[in-house]
Amino acid sequence: MRPVRILCVCGSGTATSAMLAAKLEDVLEEHGYYLDSDETNPPGVAIAMTINDWDMIAYTSPIEDAPDIPLLNATGFLVGINEDEFIEQLMEEVGKLDLED
């Protein structure tokens, strides 16, 4: 099974998105999945989209000209607000993926 590919986006593309990636990895592992992630800032999304075939984007900063893949607002998830709702949305999107190698 291939990993779930999630691009994590925050204002600077460093600390917050790295924390988000770590938290997403924990949740996915609890559900039996692996994560392939990278971190960027909103202007870096276009470049990141050319580097990897991302399944979805989890963001804490708004993204202009967002690509046509699922976008998950992860602000509340990161700070512990409505985590269950976010995880439900995340797992719904993961369930739609073809993760066969």
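Loop-resident GluC sites (Glu not before Pro) (DSSP state other than H, G, I, E or B) in segment 14-97 with no more than 11 further Cβ atoms inside 10 Å of their Cβ: GLU64. Karplus-derived 3J(HN,Hα) values for segment 79-92, using 6.51 cos²θ - 1.76 cosθ + 1.60 with θ = phi - 60°, are 9, x, 10, 6, 4, 4, 5, 5, 4, 4, 5, 4, 5, 5 Hz; glycine and proline are entered as x.
The listed residues MET56, MET1, MET91, once ranked by accessible area (1.4 Å probe) with the largest placed first, stand as MET1, MET91, MET56. Of interest is the spacing of the C-alpha centroids, which for segment 57-101 and segment 2-56 amounts to 10 Å. With all protein chains in place and a 1.4 Å probe, the accessible surface of the chain carries 47 percent carbon and sulfur. Please identify which residues in segment 77-95 have an amide N closer than 18 Å to a label point set 7 Å out from the Cα of ASP26, following the Cα→Cβ vector. Within reach of a label on ASP26, which here means backbone N under 18 Å from a point 7 Å along Cα→Cβ, segment 77-95 contributes 77-91.
Could you check which residue among SER12, SER37, SER61 shows the biggest mean-square fluctuation in a GNM of the chain with a 10 Å Cα cutoff? Ranking SER12, SER37, SER61 by mean-square fluctuation puts SER12 first. Estimate the FRET efficiency between THR14 and ASP101 by the formula 1/(1 + (r/R0)^6), using the beta-carbon distance for r and 35 Å for R0, to the nearest 0.05. About 0.65, to the nearest 0.05. With all protein chains kept in place, the per residue accessible area of the chain amounts to 56 square angstrom at a probe of 1.4 angstrom.
The values are calculated or read from the model by the stated rules, or taken from the named source; none is laboratory data. Quick caveat, the model's predicted, so the values are computed rather than measured. All Cβ positions, glycine included, derive from the backbone under ideal geometry; neighbour counts span all protein chains shown. Surface areas here come from the heavy atoms of the whole protein model, side chains and all, with no ligands, DNA or RNA. Shrake-Rupley method; radii C 1.70, N 1.55, O 1.52, S 1.80 Å.
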